[in-house]
Structure formats: structure tokens, C-alpha cells
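As C-alpha cells, the structure follows; a few thoughts come after it.
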Amino acid sequence: MKIRYLNIFDITKLKKLTSHLNNDDVLNFKADFVFNPLSIINNILPSKYKFLQDSYVIIKNNDIKGMITLKPKNNNPQKWIIKKLFLEENFIEAGENLINYVVEKYAEKGVETFEADINSDNSPIIDLFSKACGFRYCLDFQIYEIKTCYYKNKVINAENFIFRPMKPEDRKELSELYNQNISPYYKFSLSKIPEEYSENFFK
């Protein structure tokens, strides 16, 4: 198997790869090619100057077996997030090779942390990242819809809970809550650099 940077001529070959995906996944997949002509420039830039995501494909017998897409997280060139991973059906080996390839390649360029958000129902992909590729399984994100009344700077819930923006004096209590209730194995790194709080140039 051979791994190389994605190029515009791969689009027709990638149609076969996406044949088993649902419509939403196919739309997300096609979004990777919106700025593809600029990826040639993006590819040669150092990781801290990249302005587009990077995508790689894995090829066997001239067929594309998988594709991976990653980008810096929150303007931090030392933290990258794997945005998309498309694999041919029942071809987990291609995923392991792609993940290990980008981790080794970008670690050499100074990237220290790699992250991927995975649906907790997708146990084969969780096993791929955690068991095959050595990723740490971290805390799940849960999204809740709360019926509330909104005001200028606070939200009041009908069940006697008050939601408000976090204040500086809350930091100590939140830190204690975080440290006491979440096992270190499941924690995300909270270290940040100033650039993570700034907007992207192209945003």
C-alpha cells in the first residue's frame, strides 16, 4: 500500500470509496475539495503556517482504500485534529496505516497532540484509534437541549437552575470539580497558547 497527498485528480477514484456512505457523509466528503487547487501551496508550508486542512489517500492496486483529513486545532500548530477518515468497507488496515502515517509525519514537524472526535456507538473505529493506534480514550461530549428563557447576560431555567457566563472567580471551583470527578485517563489537555484564542485569518 502507498500513501500520498490528495490531489484534484483523485476525485473520480474517490467516488467508489464513498459508495457505501450516507448522503450527509458524502456532502462532507465533497467539501474537502472546495479549495483543493491551493492545497499544493498548503502542502509545502510548515505546519504553523498552513491555512487549509491536509488530506492523504492510501492506494492499493491503483485503487484508493482510504482517505484522512486533518488540520490545526484552534490556531495551535502543536495540536492537530483528525477531521475525517473515510475507509473502504471492511478495510480497517488502511485506517491504521493512514493514522500512523500522519501521526509520525506531523510529530516530526513539532505537533505534540492529535485528536479525533468519534461517535461512541462506532466501536470498530474506537478500537482502531485506541487499540491499534494508541490514542487515549477521552471524555465524551454530551449535548442537551434545555428549554429556557433568555436574557441579556444570563439564562434562567424553569427548574431553578441559573445559567450565566463563567466569571474569573469561578476558576478555582471549576478546577476542583474537574480534577475530582474526571479520571486523568479521560481528561483532555487544558494547556493552551494565546494563538488559540485568536481568529483564523481566512475565517
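Couple of notes before you dig in:
- Distance between the 7 Å Cα→Cβ label points at Ala107 and Asn181: 3.4 nm.
- Calculated FRET efficiency for the pair Leu174/Ile11, C-beta based, R₀ 45 Å, to 0.05: 0.45
- Heavy-atom SASA rank of Glu115, Glu96 (probe 1.4 Å, accessible area, largest first): Glu96, Glu115
- Between Thr18 and Leu45, the simple label model (points 7 Å from Cα in the Cβ direction) yields a spacing of 2.4 nm.
- Simple spin-label estimate for Ala132 and Ile193 in nanometres, 7 Å along Cα-Cβ: 3.1 nm
- Accessible area per residue (1.4 Å probe, heavy atoms of protein chains only) ranks Ser130, Ser19, Ser55, Ser123 as Ser19, Ser123, Ser130, Ser55, with the largest value leading.
- Accessible surface comparison of Phe51, Phe135, probe 1.4 Å, protein chains only, largest first: the order is Phe51, Phe135.
- Met166 accessible area, assembled protein chains, probe 1.4 Å, Å²: 120 Å²
The values are calculated or read from the model by the stated rules, or taken from the named source; none is laboratory data. This structure is a prediction, so every number in the text was calculated from the model and none was measured. Note that each Cβ is placed from the backbone with ideal geometry, even for glycine, and that neighbours are counted across all protein chains shown. Quick note on the areas: whole protein, heavy atoms, side chains included, nothing else; ligands and nucleic acids left out. Shrake-Rupley method; radii C 1.70, N 1.55, O 1.52, S 1.80 Å.
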